[in-house]
Structures are given as C-alpha cells and as structure tokens.
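The values are calculated or read from the model by the stated rules, or taken from the named source; none is laboratory data. Small disclaimer: the values here were computed from a predicted structure and weren't measured. Cβ sites come from the backbone with ideal geometry, for glycine too, and all protein chains shown count toward neighbours. What goes into the accessible areas is simple: the full protein's heavy atoms, side chains included, and nothing from ligands, DNA or RNA. Shrake-Rupley method; radii C 1.70, N 1.55, O 1.52, S 1.80 Å.
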Amino acid sequence: MENLIAVLQQECVEYNGLLELSSRKTPIIVAGDLVNLEKITDEEQEWVGRIAHLEKKRTEVTADIADVLNKDVKTMKLRDLVEMLAARPAEQKLLSDACDGLRDVVSRVQAVNEQNRELIQHSLELVEFDMNLLQSMRAAPQTANYNREAYSAGSSMGTVNHGFDAKQ
C-alpha cells in the first residue's frame, strides 16, 4: 500500500509541474510566439513521458494489490481501496489525500488544456479566414471606378488587417 501511495503522490507532483507548464503556455499561444510554443511543447512531452512511466508503475502496483486481495484489477477502484483501509486510518487518510490531490490536479490540467485547445482553434480559424480573404481579394474583380479620361482607376477590394483577439 505504501508503494501505491508513493506513486500517487509522485504523480501528483508531476501533474502539478505539467499544470504550471500548461499555464505558462496560455500567454504564449495568445502572443502567437511559435518559437516558445515549440519549446514549451517539447518540455510538456518530457513531463508526459514521466507521468506515463508513473502510470505504468501505478498499474503494476494496483495489480499486485488486487492479487493479494483476490480482487479483479479491472473492477477495483482506488476508492474501493480507501474503504478497505477503514481499520488502518493513517494509511486510509494518506491514500485518500493522494487520490483527491491527484483527481484535483488532473481536472485543473484538463481545464487549462481545454482553454489552450480553444485558443489554438480560434487562432487557426482566424488564419484560415485571413487566407480565404486574401485569396478572394486576388480573385476579386476591379471596381468600376473611372477617372475623367475614362480610364479605369479602380482597385480590387480593400485590404483588411485582422489580429488575434485574446479577449474571447
């Protein structure tokens, strides 16, 4: 049980680091800083690799506990283990705190990642809009503006300057 608690606590530490990194990524996305976005994404991959290793370790420890308890590892949940530790309140509290901490930080990481995903999606939509506008401007007919000598003085559609609106 101590191994499981230690792995859960370490996962919580790693997810907190990932949360901090994901939070730092938000202003970089808003600024459109592709160089720093690439750097921070590479750092995130390192964090995710460590988390995946801990997740594998947690699965192994949980499988060992399920074997000892003669339970099906596929149906056994961490909350079930917390309830089974009612006779050992100190370990029960440690396991419960580790589970709650991990659940909390994972939900915060998910929220920040969802916000970042939406910002990136919005930015991509603006880029696509700008590209479509530029293409349509190139294909737009000239306006029928003639000067006194009856020569066309027209121009194609006006230019548009769009930027990323971080307020949304």
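A quick yes/no check of all residues on (1) charged (D, E, K, R); (2) surrounded by 13 or more Cβ atoms within 10 Å (Cβ to Cβ); (3) under 23 Å from the mean Cα position of the chain (by Cα):
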site: GLU2; (1), (2), (3): yes, no, no
site: ILE51; (1), (2), (3): no, yes, yes
site: MET76; (1), (2), (3): no, yes, no
site: GLU91; (1), (2), (3): yes, yes, no
site: SER107; (1), (2), (3): no, no, yes
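Taken over region 109-162, the criterion of being under 16 Å from ALA31 (Cα atoms) and either modelled with pLDDT of 85 or more or open to solvent by less than 60 Å² (accessible area, probe 1.4 Å) (or both) is satisfied by GLN115, ASN116, ARG117, GLU118, LEU119, ILE120, GLN121, HIS122, SER123, LEU124, GLU125, LEU126. The set of residues from region 8-27 being open to solvent by less than 10 Å² (accessible area, probe 1.4 Å) and out of contact with any Cys (no Cβ under 9 Å at 6 or more places or on another chain) comprises GLU11, LEU21, SER22. Taking residues in region 59-75 that are in contact (Cβ under 8 Å) with a residue 24 or more places away in the chain and under 17 Å from CYS99 (Cα atoms), and partners anywhere that are among the polar types (S, T, N, Q) and open to solvent by 80 Å² or more (accessible area, probe 1.4 Å), the pairs with Cβ atoms closer than 7 Å and at least 6 places apart or on different chains are VAL61/ASN3. Taking the numbered list (1) open to solvent by 60 Å² or more (accessible area, probe 1.4 Å); (2) under 26 Å from GLY17 (Cβ atoms) in turn, ASP67 passes all entries but (2).
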